[in-house]
Each structure stands twice: as structure tokens, then as C-alpha cells.
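This report refers to the structure that appears directly beneath it.
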Amino acid sequence: MERTDLSQPAPERVDAARNRQRLLATAREMLTELGPDRITMDALAERSGLGKGTVFRRFKTRAGIFQALLDDGEYAFQERVLSGPPPLGPGAPPLERLIAYGKARVRFLIDHHDIARSALDGRQPVPARSQTPLSRMHIRMLLGQIDLGPADRDLLAVQLTAALDGPLLLYISSTELGQGEQDAERRLADGWQDIVRRVCRS
């Protein structure tokens, strides 16, 4: 699988990179202290000591702040998929890798739930971050290695990707996770495995 653009960020000027790190560090502090609802463009500018123009140029929207925070976790997750131990990483049969990917993605999204929900930009026709490039690309690659007969693998990859990221972020609340995170993870992981096994039954 080729790397997505997550692993190849565009070069930044030294001052721009410094401002980015300052803004992200400030956003993490605010997230820990205040929760996601209190993080706004204006509040981040004031807390970081940088101008509002700098914040808007860097993130464009409030959702962009959370997209940038989520990217840090995405880099590490991508490395596990590309070069980590099997079955998530290379070396296992494609069906096992596909099941392992979904289960690991469920865990990742639960761990980053508040950030990921806040990264969804509802003003867009298809909300940003409702699906990740890595998910669709990786799922499509694994489907290509499984005997599915005449199935439309491109469409299946879109549908399976949607079964992971979007519904989990949109319909499972922080309250529900707080009342039974382990049970939610188990049910989602079991559901993913059931879907994949049924889809890949030749």
C-alpha cells in the first residue's frame, strides 16, 4: 500500500512550523483543561499569544484545529498499519488483516473520540474527516487480495470505510462511552468482524 499524504507533509518555513507547534500545544492544554467545546479560534489565539490571523491562516475553521490534533495520532496509526507486526501490519492473510484493521480503527476512534467528532465539519457536503484516505485505500488493497468473485471492490471499499469512521463518530456519544467503553468497543469490533466475514464469503 502506498503511503497517503499524511506521511508526506508539505515543507514549512521555520516560523510557520514554530507557530504550528505552539498552537497545537496550546490546543492540547485547552482540551485537557476545558474540554473540546471551549476551544474556539478566538480562545486559541488569545491563549497562545498569537494573532487571530495566524490561527485562521493555519486552521481555516474551528474543525481544522481538531483535524490537526487528530493528524498526530493518525501518523502513528498509519505506521502500525504499514510496518507494524501482523495481523494489523504486513505478513498476515488479507482477511485477517482486514478484520484487524477495523478493530484497531475502532480502538483508535474511541481513544480520540472527542477530537474526531469535533474535527467533523458539518458545513461541508461530505464532512471532513468522516472518512480517512488511509482507510479506503487500505481496505481496497486488502479486498483486491481476496477472492470475491465479480464484486465491485471499489464500492465495497467505500461502504466498509463508511461502516467504520462516520457512524462511530456521529452516533456514539461521549456519555455512552463513559458508561461502557469496553462494551461499546467489543460490540463495534464484533460487528465489524461479522460484516467483513459475510462480505468476503466467496
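Numbers at a glance
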quantity	calculated
Listing of helices (runs of 4 or more DSSP H) fully contained in the range 24-96 that carry 2 or more residues being among the aliphatic types (A, V, I, L, M) and out of contact with any Leu (no Cβ under 8 Å at 6 or more places or on another chain)	41-48, 62-83
Identity of the residue in the range 47-72, charged (D, E, K, R) and closer than 12 Å to R22 by Cα, that ends up surrounded by the most Cβ atoms within 10 Å (Cβ to Cβ)	R58
Hits in the range 165-191 (condition: modelled with pLDDT of 85 or more and among the aliphatic types (A, V, I, L, M))	L188, A189
Single residue of P87, P150, P93 found to be surrounded by 14 or more Cβ atoms within 10 Å (Cβ to Cβ) and either touching a Pro at 6+ places or on another chain (Cβ under 6 Å) or modelled with pLDDT of 90 or more (or both)	P87
Selected residue [modelled with pLDDT under 95, closer than 28 Å to L143 by Cα and among the β-branched types (V, I, T)] from T4, T32	T4
Within the range 125-147, tally of residues that are buried (at least 16 other Cβ atoms within 10 Å of the Cβ) and modelled with pLDDT under 70	6
Qualifying positions in the range 101-124 - at pLDDT below 80 and touching a Gly at 6+ places or on another chain (Cβ under 9 Å)	L120, D121
Within the range 104-121, considering residues that are among the charged types (D, E, K, R) and within 13 Å of the chain's Cα centre (by Cα), the one surrounded by the most Cβ atoms within 10 Å (Cβ to Cβ)	R105
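The values are calculated or read from the model by the stated rules, or taken from the named source; none is laboratory data. Just so we're clear, the structure is a prediction, and the values are computed from it rather than from any experiment. Reconstructed Cβ throughout: ideal geometry from the backbone, glycine too, with neighbour counts over all protein chains shown.
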